[in-house]
1. Quick one: count up the residues across the range A:102-137 that are at pLDDT below 85 and either among the hydroxyl-bearing types (Ser, Thr, Tyr) or assigned to a loop (DSSP other than H, G, I, E, B) (or both).
2. What number of residues in the range B:183-205 are touching a residue at least 12 places away in the same chain (Cβ under 8 Å) and surrounded by 18 or more Cβ atoms within 10 Å (Cβ to Cβ)?
3. Which number in (1) among the hydroxyl-bearing types (Ser, Thr, Tyr); (2) outside any strand (DSSP E or B); (3) touching a residue at least 40 places away in the same chain (Cβ under 8 Å) marks the one condition that B:SER173 misses?
4. Which is outside the structural domain of B:LEU30 (by TED's automatic domain parsing), at pLDDT 90 or above, over 23 Å from the mean Cα position of the chain (by Cα) and part of a strand (DSSP E or B), of B:GLY163, B:GLY216?
5. Regarding the range A:327-344, can at least one residue be identified that is at pLDDT 85 or above, buried (at least 24 other Cβ atoms within 10 Å of the Cβ), under 16 Å from the mean Cα position of the chain (by Cα) and of a type outside the set (A, V, I, L, M)?
6. Would you check which residues across the range B:219-249 are part of a loop (DSSP other than H, G, I, E, B) and farther than 21 Å from B:ASP170 by Cβ and list them?
7. Testing A:HIS160 on (1) outside any loop (DSSP other than H, G, I, E, B); (2) surrounded by 19 or more Cβ atoms within 10 Å (Cβ to Cβ), one condition comes back false. Which one is that?
8. State all residues of the range A:192-209 that are at pLDDT 80 or above and over 15 Å from A:PHE136 (Cβ atoms); if no residue qualifies, say none.
Amino acid sequence: MTTTVPASVDEHHQHDHRPRRSRNRWLWLAIGTLGVAGILGLRAFTGAQDSFGVPGLTADLLTLATSVIIESLPFVVLGIALSIVVQAWLPDDLLMRYLPNSPVLRRAAISMFGIALPVCECGNVPLARGLVMKGFTVPESMTFLLAAPIINPITIVTTHQAFGFDDGILVGRILGGLAIANIVGWLFSLHPQPNSLLTDRFAAQCAAGSHEHRQSRSEKSLDIFMRESSVLMPAVFIGSLIAGAIQVAVPRDVLVSLGSNPLWSILAMMLLAFVISVCSSVDAFFILPFASTFMPGSIVTFLVFGPIIDIKMLAIMRTTFPGKVLLQLSLVVALMSALIGLVINYVA
Amino acid sequence: MWPSLQRWWGVILILVAVCATVWLGVTQQLVLYIHPRYVVFTVVMAGIALVLGVLSIAVRPADTEGSAPRRGWSRVVGGLALLLSGAVALTLVLIPPTTLSSATASQRDIVGSTVGSDSQNVDEVENADDELLASFTVVDWASLLRQTSDPSFYANKTADLVGFITASEDDPSNIFYLSRFTVTCCAVDAQPTGVAVYAPEWQNEFEVDGWIEVTGSFETNPSSRSDLPLVLVPETMTAVERPSEPYLY
């Protein structure tokens with residue numbers, strides 16, 4: 001007897017609400033499609049106009065900002081998609097099951113994850129957030145975040161295409177990146193309360209995420225898509241604007257003229273990497289024309305520092321880590337990549 | 001209102017960026033911003049984001065975040081971020097697409113540029129035929145000019161080049177740089193190259209940033225105010241449309 005009652009309630013529930021809800025879905029689908037069509041129509045109209053008389057450098061600032069957005073958008077989407085797969089579709093313990101128990105070995109294994117993931121730095125932030133939601137500790141996901149853009153397969157292939165094995169640039173980049181990621185992970189694991197390394201908003205989100213919600217997998221996927229895009233997209237847009245503005249403001253020859261001194265060229269390279277905010281999968285091609293001007297160690301510094309710390313990345317990472325942590329992170333990574341560069345400059 | 005705007009803002013921004021990308025892709029203008037080898041990848045990922053974005057508007061998944069209300073400074077910063085990213089989104093839809101201009105070319109040190117320094121080799125070009133020379137771009141000639149400034153090397157070699165005008169800083173009334181940007185990944189890393197063209201009173205006919213085709217040969221620089229050894233002395237100069245692929249790769 002008792003079993004039939006909930007069943008009939010459930011049936012009643014379905015009969016009552018389902019049609020209304022699915023009708024609503026069609027309505028909102030139409031609204032969404034019309035909205036997209038509207039934006040496309042407006043773009044097609046404005047695109048046909050002559051430029052609005054925007055002066056040279058301002059127009060270039062916008063061109064550069066647009067370029068950063070269009071270049072990073074596919075990687076952000078790929079990162080969100082992988083984050084959805086990790087959070088909503090993989091069994092909870094799949095990644096955890098095979099990891100070693102010792103924290104140091106665990107982080108070493110995690111720093112190698114990136115080798116299977118063709119995502120550059122902007123896409124790794126949503127993925128690293130997904131790993132924290134999945135139960136990784138903050139230092140562990142930080143290790144992943146730092147190592148993955150450098151040892152991802154595309155980065156290795158493009159770096160090899162650009163430099164081959166000359167001057168130890170490729171090897172220096174891979175080993176340097178892994179070393180920095182593991183050491184930074186170890187440093188932050190010494191923190192007594194790792195969760196205070198997160199922004200309040202993201203920490204609250206992690207706490208809420210640990211409850212079970214009654215959501216279908218596809219609904220959960222879309223929920224993750226919405227959350228990640230509303231966190232990341234403003235950061236991408238604002239980061240691109242700042243990166244464009246600084247590029248227009250800092251003359252390139254100032255940086256290049258510092259190039260031939262072992263120490264100054266390293267600082268100039270870090271500044272260049274910080275300013276241009278180009279993706280790790282392609283930065284080797286970017287720096288190739290400078291290879292004759294700069295020393296090999298300085299090139300390695302650029303290739304190790306740039307994927308981890310730059311204007312765009314700081315804006316995106318600010319969604320997850322508080323400013324103080326980012327400052328510590330930037331300092332440690334800057335010092336270590338400068339050290340790696342100096343060693344190569346003086347030894348090679 | 002505020003929490004739901006924040007919740008939907010990312011979807012709105014991503015759809016705006018996707019629409020801008022798709023439209024650029026359809027009108028074949030993505031090469032104004034990224035290297036051609038990324039065009040397919042970019043369009044495919046934009047398509048995925050488009051489907052996810054429209055689906056999330058249709059499904060409107062329940063909010064599981066339980067977002068705390070923002071107060072004080074955090075609210076101000078949030079509002080600023082919203083405004084600023086909204087402004088960027090508007091420029092994505094409103095501003096007609098364009099290439100980088102001569103302002104960036106001079107800011108990125110067009111004179112000292114070493115882009116493609118090995119794209120051509122003096123010894124191999126020594127006895128090149130006209131057909132090969134006609135295929136040379138601004139980058140190729142600039143690379144040769146860095147290797148040798150011996151006028152006899154350039155005798156009987158005609159250059160036929162397309163580029164945009166960047167004014168020379170030393171002698172702006174007689175010399176301009178016929179320039180192009182070289183792109184390795186996207187417009188962010190564009191690096192300018194140019195060859196100096198000696199054309200007194202060029203401003204009467206052409207404007208800075210205008211695209212022109214120049215034929216001529218390299219001769220000793222007649223200008224007293226510029227210390228470049230060789231300049232391109234034009235036989236013909238014609239204004240042309242911006243090429244569909246304005247950057248070199």
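The values are calculated or read from the model by the stated rules, or taken from the named source; none is laboratory data. The structure presented is a predicted model; accordingly, all values stated were derived computationally and were not measured. Backbone-built Cβ (ideal geometry, glycine too); neighbour counts: all protein chains shown.
1. Qualifying residue count for the region: 6.
2. First pass over the range B:183-205, keeping only residues touching a residue at least 12 places away in the same chain (Cβ under 8 Å): B:183-187, B:190-203, B:205.
Then drop every residue that is not surrounded by 18 or more Cβ atoms within 10 Å (Cβ to Cβ), which leaves B:183-187, B:190-199, B:202.
Total satisfying the criteria: 16.
3. For B:SER173, the failing item is (3).
4. Numbers: B:GLY163 fails: over 23 Å from the mean Cα position of the chain (by Cα).
B:GLY216 is the lone residue from the list that is outside the structural domain of B:LEU30 (by TED's automatic domain parsing), at pLDDT 90 or above, over 23 Å from the mean Cα position of the chain (by Cα) and part of a strand (DSSP E or B).
5. No, every residue in the range A:327-344 fails to be at pLDDT 85 or above, buried (at least 24 other Cβ atoms within 10 Å of the Cβ), under 16 Å from the mean Cα position of the chain (by Cα) and of a type outside the set (A, V, I, L, M).
6. Residues of the range B:219-249 that are part of a loop (DSSP other than H, G, I, E, B), as a first pass: B:221-229, B:240-247, B:249.
Result: B:VAL240, B:GLU241, B:ARG242, B:PRO243, B:SER244, B:GLU245, B:PRO246, B:TYR247, B:TYR249.
7. With respect to (1) outside any loop (DSSP other than H, G, I, E, B); (2) surrounded by 19 or more Cβ atoms within 10 Å (Cβ to Cβ), A:HIS160 is out only on (2).
8. A:PRO192, A:GLN193, A:SER196, A:THR199, A:ASP200, A:ARG201, A:ALA204
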